[in-house]
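The values are calculated or read from the model by the stated rules, or taken from the named source; none is laboratory data. This is a predicted model, so every value here is computed, not measured. Using ideal geometry, Cβ is built from the backbone for each residue, glycine included, and neighbour counts are taken over all protein chains shown. Each accessible area value is taken on the protein alone, full model and side chains, heavy atoms only, with ligands, DNA and RNA left out. Shrake-Rupley method; radii C 1.70, N 1.55, O 1.52, S 1.80 Å.
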There are 2 protein chains.
Amino acid sequence: MGLFIGLDLGGTNLKYALGTKSGELIIKSSRPSLADREQAAIFKNIYAGIEELLEAAAKQNETVTAIGFGSPGSIHFEKGQLIGSTPNIPAWTDAPIKKNIEKRFHITTWADNDANVVALAEARLGAGKGYPNALFLTLGTGIGGGIILNHQLLRGAHHSAAEVGHVIVEFNGRPCNCGNHGCLEAYASAPAMVARYRKKLKRTGVEYKINDLSTELIFHKAAMNEDLAKQTIQEACNYLGAGIASIVNVIDPDIVIIGGGVSEAGPEFITAIETEVKKYAIKAIARDLKVINASLGNDAGVVGAIFLAAENVKP
Amino acid sequence: MGLFIGLDLGGTNLKYALGTKSGELIIKSSRPSLADREQAAIFKNIYAGIEELLEAAAKQNETVTAIGFGSPGSIHFEKGQLIGSTPNIPAWTDAPIKKNIEKRFHITTWADNDANVVALAEARLGAGKGYPNALFLTLGTGIGGGIILNHQLLRGAHHSAAEVGHVIVEFNGRPCNCGNHGCLEAYASAPAMVARYRKKLKRTGVEYKINDLSTELIFHKAAMNEDLAKQTIQEACNYLGAGIASIVNVIDPDIVIIGGGVSEAGPEFITAIETEVKKYAIKAIARDLKVINASLGNDAGVVGAIFLAAENVKP
C-alpha cells in the first residue's frame, strides 16, 4: 500500500519522516519550523520537507499513499484545520493544514493535535503497545495529553478532549495560563516547578534569576540530595498524583504513560508519580494500574503522524 | 424480536418492567429490595419479579428475549457479576447476577452498574437523545455517573469508569467516604450540603439535629430567600462546577446531564451548575456545552436495563 509521510510541527523544529504503515521509519529529517514567520512561509517550509521525502521515495520506486501531520493547538480533525491559535507559532492561527497540503501534492492528508499524535505512537509501538486504554501525559512547558480508548484516540465533541493540564487540583487555586485557577498545569508544569523551587531558595536567602533555573537543575540538585529540590519534585508528584487520579477515576485506563521533557528525569520520578496516583485513585482502578515512561522519545511525533495517515486512509 | 425485562435494584426498592427494544414500557412494578437480607433471599425476590413479568408476557402471547439488570456497585460486565461489595446492600457482595438469572430462567441476561444503566436510558430516550457524547451525573447520597462516548457506555479497563464523585476538587481537602481526601462527593453530595448548612446555622446559634435537615429543606429555605441556605447551594454549585469542568476537559462531551434526588431542586439549580461549569471549563468546550436536567425520572433505571438487554442480545 505504499509508504507514508509523517510531520511533527513544533515551536522550534519541523520533524518529518518517511515510513511504513507499521511505523517503521525509512528516512527522517528536521528543519527549523520558522515559527516566527508568516503562515505562507511556514507552509512553504513544510512543502519543502514533504518534497524532500517524496523525491527520496521516488528514488526507491515507492509511492506515498497519505500524509499525517501533528500540530500544536486544537485541530478540527475532519477539516484538518487549526481551531483558533497556538501560542508558540503566532501566524499558525486557523491554519488549513489538510486543505493546503492536499492542494499542493494531491495526497490525502490528516492532521491532529501533536499530543494526540504522540499518544497514538506510544499506543501502537511504544509504552502503550497491547493496552486497549491508555492515558498519555506530556510534562513540559505545559501539560498536554492524549487518551486512547478501545485502541482509538478520543477526540471529543469539540476536538478538545484530553486537556489533561486543565483538570482542577486546587479549588480557587493558583492562576493558570488558561485564565482559570487551580489547574494541574499551574502546579506541575516545568515553569511551575521552577517557580516553586526559586521561591523556596529565596526563603533561605539564595536568589536565582529565573532563567538560570530549569527542571534539569532541580533534578540534578535532588540527585545530590538537596532538600529543597527534593521537596519541589515531591510536591509536583503530589499534584500530578491528584490530577492523574481524577482523570483515571473518570476514564479507567489500563496504563498511564508519562512523556515530555520533564519525564526524562528518570525512573525514580515516574515511580514517585505512580505512588501518588495509586494513593488518590479508587482502589478498583489503582490495584492494576501501571504508570510508565514514554518509550519513543523524539521520534514519537513523526511515528504517530505516520500511523494517523496509515490508519485513516481508505483501503 | 420479542420483549425485554429490565430490573433496577436499589437500597430500598427493586423496580422491574417489561418493555420493547425501543424502551417503551408495557408493564412496570416494584417491590421492597430486601436489602438487609441474605443474598439468596434477595435473588429469590428478584426471581419473583421476573416471573411476574414472564407470566404477563405469556398472557399477551409475547416472549422475553433478554433481561437487563442495573445494580449498585462495580459490575464486571462480561461476567455480569458484582466486584466486591456495595454499602447499602451488605449481602450483595460478589453477586453473580447474570449467572444466577440465566440458570434460573434460561434467558440471556446482562448486568451493569445502576448509574451506567440510567446514563444509557437518558442517552437513548431522555435528555441526551441525539447527542453522541454525554456525561451523566447523579447527585444524591453519593455522586455517581455514567459516560457515553460515540453513543456507547464507557466501562473502562477495570469496570470502574465514571467514578465522577471521586474527582479531586481540593488538594488534601475533606475526607471522603472512599478513604481519599478532597473528592467532589465530599463537597457536593446531599449529606455534604446538609453538613455545611448545619455548620453555618450553628455559627448563628441555631442548632439542628442532623436528621431534621435535608437538601429539600435547604432548597425550600433558599426559595424563601434565606441567606445561609442560598450560600450552601451556591457553594455546592461552585464545587460541582470545578469537578464537572475537570471531567469535561478530559472527555469533551456534547452535553452534561444532571440526575438524582438533589437535581429535582429545579431549573435554577441546574442553571447555577451550568454557569459554574462554563466558568471553569476550557473555552473551546464551554462555548457549546449544555448542562441539563435528566428527563426520565424514576423510570430511567428500568428503561436503561431494557436497553442494556436489547442492545447486547445477538440478533
With (1) within 14 Å of another protein chain (Cβ to nearest Cβ); (2) within 30 Å of B:Val164 (Cα to Cα) as the list, and A:Thr86 as the residue in question, which single condition is left unmet?
(2)
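With within 30 Å of B:Gly73 (Cα to Cα) and of a type outside the set (Val, Ile, Thr) as the only criterion, which of A:Asp227, A:Asp212, A:Asp288 stands out?
On the way: A:Asp227 fails: within 30 Å of B:Gly73 (Cα to Cα); A:Asp212 fails: within 30 Å of B:Gly73 (Cα to Cα).
On inspection, the qualifying residue turns out to be A:Asp288.
Tell me which helices (runs of 4 or more DSSP H) are completely within the stretch A:37-142 and hold 1 or more residues being without any contact (Cβ under 8 Å) to a residue 24 or more places away in the chain, or say none if there are none. Steps first, answer last, please.
Details: elements: A:39-59, A:97-105, A:114-125.
Where helices (runs of 4 or more DSSP H) fall fully within the stretch A:37-142 and carry at least 1 residues being without any contact (Cβ under 8 Å) to a residue 24 or more places away in the chain, they are A:39-59, A:97-105.
Looking at the stretch B:146-171 only, could you name the residues that are assigned to a strand (DSSP E or B) and over 14 Å from the mean Cα position of the chain (by Cα)? Please lay out each step first, then the result.
Our first condition is that a residue be assigned to a strand (DSSP E or B); within the stretch B:146-171, this holds for B:146-149, B:152-153, B:168, B:170.
The answer is B:Leu149, B:Gln152, B:Ile168, B:Glu170.
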Which one is surrounded by the fewest Cβ atoms within 10 Å (Cβ to Cβ) among residues in the stretch A:106-124 that are farther than 20 Å from A:Ile143 by Cβ and in contact with a helix residue (DSSP H, G or I) (Cβ under 6 Å, 6 or more places away or on another chain)?
A:Arg124
Quick check on the stretch A:250-265: of everything there that is within 27 Å of A:Lys230 (Cβ to Cβ) and open to solvent by 10 Å² or more (accessible area, probe 1.4 Å), which residue is modelled with the lowest pLDDT?
A:Glu264
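So, in the stretch B:37-84, of the ones that are aromatic (Phe, Trp, Tyr) and in contact with a helix residue (DSSP H, G or I) (Cβ under 7 Å, 6 or more places away or on another chain), which residue ends up most open to solvent (accessible area, probe 1.4 Å)?
At the first step, the residues of the stretch B:37-84 found to be aromatic (Phe, Trp, Tyr) are B:43, B:47, B:69, B:77.
Filter once more, keeping what is in contact with a helix residue (DSSP H, G or I) (Cβ under 7 Å, 6 or more places away or on another chain): B:43, B:47, B:69.
Details: B:Phe43: 8, B:Tyr47: 39, B:Phe69: 0 Å².
Restricting to residues being aromatic (Phe, Trp, Tyr) and in contact with a helix residue (DSSP H, G or I) (Cβ under 7 Å, 6 or more places away or on another chain), the top hit is B:Tyr47.
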Among the residues of the stretch A:160-177, which ones are open to solvent by less than 40 Å² (accessible area, probe 1.4 Å) and either out of contact with any Gly (no Cβ under 8 Å at 6 or more places or on another chain) or more than 17 Å from B:His166 (Cα to Cα) (or both)?
A:Ser160, A:Ala161, A:Ala162, A:Gly165, A:His166, A:Gly173, A:Cys176
Might you let me know whether the stretch B:22-33 holds any residue that is part of a loop (DSSP other than H, G, I, E, B) and of a type in the set (S, T, N, Q)?
yes
Between a first residue in the stretch A:185-212 that is modelled with pLDDT under 85 and a second residue that is charged (D, E, K, R) and open to solvent by less than 90 Å² (accessible area, probe 1.4 Å), which pairs have beta carbons less than 8 Å apart while being 6 or more apart in sequence or on different chains?
A:Tyr208/A:Arg198; A:Ile210/A:Arg198
Can you name every residue in the stretch B:279-315 that is within 14 Å of chain A (Cβ to nearest Cβ), surrounded by fewer than 18 Cβ atoms within 10 Å (Cβ to Cβ) and not in a helix (DSSP H, G or I)?
B:Arg287, B:Asp288, B:Lys290
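Restricting the search to the stretch B:266-278, which residues are touching a helix residue (DSSP H, G or I) at 6+ places or on another chain (Cβ under 6 Å) and either within 14 Å of another protein chain (Cβ to nearest Cβ) or open to solvent by less than 20 Å² (accessible area, probe 1.4 Å) (or both)? Please lay out each step first, then the result.
Residues of the stretch B:266-278 touching a helix residue (DSSP H, G or I) at 6+ places or on another chain (Cβ under 6 Å): B:272-273, B:276-278.
B:Ile273, B:Glu276, B:Val277, B:Lys278 - these are the residues of the stretch B:266-278 that are touching a helix residue (DSSP H, G or I) at 6+ places or on another chain (Cβ under 6 Å) and either within 14 Å of another protein chain (Cβ to nearest Cβ) or open to solvent by less than 20 Å² (accessible area, probe 1.4 Å) (or both).
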